[in-house]
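This is the structure, below, for whatever I ask next.
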Amino acid sequence: MDYQKYLRNENFPHIWCSGCGAGIALKAILRAIDDLGIEQDDVAMVSGIGCSSRTTGYVDFNTIHTTHGRPLTFATGLKMARPDMTVLVVTGDGDATAIGGNHLIHAARRNIDMTVILYNNNIYGMTGGQASPTTPLGDIGTTAPFGAVENTFDISGLVIAAGAAYVARCTAFHAKLLDDLIRKGIEKKGFSLIEVMAPCPTAYGKLNKKGSGAKMILDQKDAAVRIAKAEKMTAEELEEKIVIGVLVDRDIPEYIQSCDAAVAQAMNARNGSA
Ligand SMILES: Cc1ncc(C[n+]2csc(CCOP(=O)(O)OP(=O)(O)O)c2C)c(N)n1
Ligand code: SF4
């Protein structure tokens, strides 16, 4: 596949540290778009702020690098105005579930047709390692020097509970699976989210003595359990594991279609009463 076709070479070198999972996620997104044969001009990618969100600077789609925590609001407006476009949102665990948490649950609740690729590295990477809502209990962040004392969000579980049509999880190790999961998410009519466990060796890894990026990726491989197997395991057996694959895929009313139907109903009512 010709990756160059999709890249803004003038913006390289990129900012990502060696061993960061962000590049793996980026390449999987490009392969998914390429496999689906979607024209670059028909794709709009929206991101917030963070290392993950820097992705929009490197790809030759229509892109908006927005403000911290707000990519879903921009993406919602964009999709409402241009429902013909394939709208992708790239965000981080901090961007999407801390400052942007409210937008995440409501975008999922509305089930608006867009695909979110959320790079979960368990920390605020760009700003040097503050604890995020997905920093595991007891793990170190610069704002939690003796270990995080807050419970963590299960991002996929949160988005499933909020009402998304499609939710999947993957690790940076399972790059080929990630292509498939993103492709299915894009094909799904409705709100889809793919949570990518993407190692941050520089902030989270260093603070928690996790070793190199390569080691962190191999550790993810060992911790990963496919959903079909996970369904037969107990909660105890699943502790410390990463369940990967399609977690939810359901056909439920999509927001723009519901809005269009409501407008048509209102027009009919008005015309009928005229
Ligand atoms: C309103 C606002 N608050 C805080 C910041 C500082 N800031 C920039 S990136 C970031 C955290 C990013 O974390 P995450 O979304 O997990 O992305 P990562 O860098 O880990 O990929 C913060 C707090 C900001 N840019 N804007
Ligand atoms: S700080 Fe972490 S998340 Fe940011 S580029 Fe480096 S490894 Fe990746």
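Filter segment 60-87 for residues that are touching a Phe, Trp or Tyr at 6+ places or on another chain (Cβ under 8 Å) and under 13 Å from Gly48 (Cβ atoms); which is farthest from ligand 1 (Cβ to nearest atom)?
Ranking the candidates gives Ile64 first.
Please go through segment 12-28 and pick out each residue that is more than 16 Å from Arg183 (Cα to Cα) and surrounded by 14 or more Cβ atoms within 10 Å (Cβ to Cβ).
Matches in segment 12-28: His14, Trp16, Cys17, Gly19, Cys20, Gly21, Ala22, Gly23.
I'd like the full set of residues that are under 20 Å from Ala75 (Cα atoms) and either within 16 Å of ligand 2 (Cβ to nearest atom) or assigned to a strand (DSSP E or B) (or both), limited to segment 173-209.
Phe191, Ser192, Leu193, Ile194, Glu195, Val196
Sticking with this one: Check segment 35-55 and report whether any residue there is more than 16 Å from ligand 2 (Cβ to nearest atom), buried (at least 22 other Cβ atoms within 10 Å of the Cβ) and at pLDDT 95 or above.
Checked segment 35-55: at least one residue is more than 16 Å from ligand 2 (Cβ to nearest atom), buried (at least 22 other Cβ atoms within 10 Å of the Cβ) and at pLDDT 95 or above.
State whether one or more residues within segment 29-45 are within 12 Å of ligand 1 (Cβ to nearest atom), outside any loop (DSSP other than H, G, I, E, B) and β-branched (Val, Ile, Thr).
No, segment 29-45 contains no residue that is within 12 Å of ligand 1 (Cβ to nearest atom), outside any loop (DSSP other than H, G, I, E, B) and β-branched (Val, Ile, Thr).
Within segment 56-96, count every residue that is surrounded by 21 or more Cβ atoms within 10 Å (Cβ to Cβ) and aliphatic (A, V, I, L, M).
So the answer is 8.
Quickly run through segment 239-260 and pick out the residues that are over 22 Å from Ile186 (Cα atoms) and loosely packed, with under 13 Cβ neighbours inside 10 Å.
Within segment 239-260, Glu239, Glu240 meet the criteria.
Let me ask something else. Search segment 35-50 for residues that are touching a residue at least 60 places away in the same chain (Cβ under 8 Å) and pair each with any residue that is aliphatic (A, V, I, L, M) and more than 16 Å from ligand 2 (Cβ to nearest atom) when their beta-carbon atoms are under 7 Å apart and the residues are at least 6 apart or on different chains.
Leu36/Ile186
In segment 2-16, how many are part of a helix (DSSP H, G or I) and either small (Gly, Ala, Ser) or in contact with a Gly (Cβ under 9 Å, 6 or more places away or on another chain) (or both)?
1
I've got another one for you. How many residues are among the β-branched types (Val, Ile, Thr), more than 21 Å from the chain's Cα centre (by Cα) and within 14 Å of ligand 1 (Cβ to nearest atom) if we restrict to segment 124-161?
2
For segment 224-252, give me each residue that is touching a residue at least 12 places away in the same chain (Cβ under 8 Å) and in a loop (DSSP other than H, G, I, E, B).
Those that are touching a residue at least 12 places away in the same chain (Cβ under 8 Å) and in a loop (DSSP other than H, G, I, E, B): Leu238, Glu240, Lys241, Arg250, Asp251, Ile252.
So, in segment 51-108, exactly how many residues are charged (D, E, K, R) and part of a loop (DSSP other than H, G, I, E, B)?
4
Run Arg31 past the list (1) closer than 25 Å to Gln4 by Cα; (2) surrounded by 22 or more Cβ atoms within 10 Å (Cβ to Cβ); (3) touching an Asp or Glu at 6+ places or on another chain (Cβ under 7 Å) and report the number of the one that doesn't hold.
Of (1) closer than 25 Å to Gln4 by Cα; (2) surrounded by 22 or more Cβ atoms within 10 Å (Cβ to Cβ); (3) touching an Asp or Glu at 6+ places or on another chain (Cβ under 7 Å), only one is false for Arg31: (2).
Is it the case that Lys221 is among the charged types (D, E, K, R), in contact (Cβ under 8 Å) with a residue 12 or more places away in the chain and not in a loop (DSSP other than H, G, I, E, B)?
yes
How about segment 150-172: which of its residues are crowded, with 24+ Cβ neighbours inside 10 Å and in a helix (DSSP H, G or I)?
Of everything in segment 150-172, just one residue is crowded, with 24+ Cβ neighbours inside 10 Å and in a helix (DSSP H, G or I), namely Val159.
What single numbered condition from (1) under 16 Å from Tyr119 (Cβ atoms); (2) more than 16 Å from ligand 1 (Cβ to nearest atom); (3) aromatic (Phe, Trp, Tyr) fails to hold for Tyr255?
(1)
The values are calculated or read from the model by the stated rules, or taken from the named source; none is laboratory data. Everything numeric in this text was worked out from a predicted model, so none of it was measured. Cβ atoms come from the backbone with ideal geometry, glycine included; neighbour counts cover every protein chain shown.
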